[in-house]
Amino acid sequence: MTPRLQDKYVQEVLPALAESLGRTNRLSLPRLEKISVNMGVGSAIQEKKHLETAVEALTQITGQKPIVTRARKSIANFRLRAGMPIGCKVTLRGARMYEFLDRLISIALPRVRDFRGISRKAFDGNGNYSMGLTEQLVFPELNPDKFLRPQGMHITICTSADNNAEALELLERMGMPFQQTAEAGAGAA
């Protein structure tokens with residue numbers, strides 16, 4: 001069974017992108033390639049259990065076991081030695097990627113306090129979008145009684161688009177809740 005967002009991409013987004021970009025070849029249209037979710041756990045230096053809970057939380061959120069990331073360099077001021085575990089990350093592709101993005105758009109982001117949309121300026125120039133969440137408990141999979149310590153995460157959405165404009169159009173058509181532009185907001189007020 002294909003994910004709901006993947007069906008939407010094939011049936012609605014692809015034809016709309018082909019029309020707006022003026023391309024007939026479906027393979028030249030922008031598409032999602034992968035989503036990387038990264039949790040940096042700086043407190044894992046003193047308390048190893050914080051990293052274990054972050055790994056467990058990321059497993060529940062993404063449905064895939066994360067890999068533990070280790071420090072590359074030693075930094076004496078932070079009491080950090082090279083090779084110490086300091087975070088975890090997951091790279092999602094295929095059906096899991098679409099499922100995660102669907103849950104992020106429809107469930108998690110609307111649960112963020114004082115949410116008015118995500119920034120339109122967080123593209124890297126090559127069609128990839130990065131965002132951060134300060135609280136992991138916006139995902140309903142997590143039990144708030146078990147995960148007491150607030151933990152944030154970085155989410156990077158990699159697309160096959162060549163530039164930011166095409167990637168923005170792709171993500172808007174997929175349903176990403178971007179902030180309204182200043183011109184649109186001024187007319188409504």
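Please treat every number below as a calculation from the coordinates, not as lab data. It should be emphasised that the depicted structure is a prediction, and the values quoted were computed from it without experimental measurement. All Cβ positions, glycine included, derive from the backbone under ideal geometry; neighbour counts span all protein chains shown.
For region 122-147, which residues satisfy the criterion of being over 17 Å from residue 104 (Cα atoms), surrounded by fewer than 16 Cβ atoms within 10 Å (Cβ to Cβ) and within 15 Å of the chain's Cα centre (by Cα)?
The one that is over 17 Å from residue 104 (Cα atoms), surrounded by fewer than 16 Cβ atoms within 10 Å (Cβ to Cβ) and within 15 Å of the chain's Cα centre (by Cα): 124.
If I filter region 96-132 down to residues being of a type in the set (A, V, I, L, M) and in contact (Cβ under 8 Å) with a residue 60 or more places away in the chain, which single residue comes out as nearest to residue 181 (Cα to Cα)?
Of everything passing the filter in region 96-132, 118 is nearest to residue 181 (Cα to Cα).
Would you please list the contacts, defined by Cβ atoms under 8 Å and residues six or more apart or on different chains, that run from a residue in region 135-150 that is closer than 16 Å to residue 40 by Cβ and in contact (Cβ under 8 Å) with a residue 40 or more places away in the chain to a residue that is assigned to a loop (DSSP other than H, G, I, E, B) and not acidic (Asp, Glu)?
Sorted first by the residue in region 135-150, then by its partner, the pairs are 136/142; 136/147; 136/150; 136/151; 136/152.
Determine if region 28-42 includes at least one residue that is more than 30 Å from residue 84 (Cβ to Cβ), of a type in the set (S, T, N, Q) and in a helix (DSSP H, G or I).
Yes.
Taking into account only those residues within region 57-90 that are touching a Leu at 6+ places or on another chain (Cβ under 7 Å) and assigned to a loop (DSSP other than H, G, I, E, B), which is nearest to residue 101 (Cα to Cα)?
Here the answer is 64.
Kindly indicate which of 142, 148, 104 is out of contact with any Asp or Glu (no Cβ under 7 Å at 6 or more places or on another chain) and either of a type outside the set (A, V, I, L, M) or assigned to a helix (DSSP H, G or I) (or both).
104
Restricting to region 1-30, and then to whatever is crowded, with 16+ Cβ neighbours inside 10 Å and not hydrophobic (A, V, I, L, M, F, W, C), can you tell me which residue is nearest to residue 96 (Cα to Cα)?
For region 1-30, the residue satisfying everything is 3.
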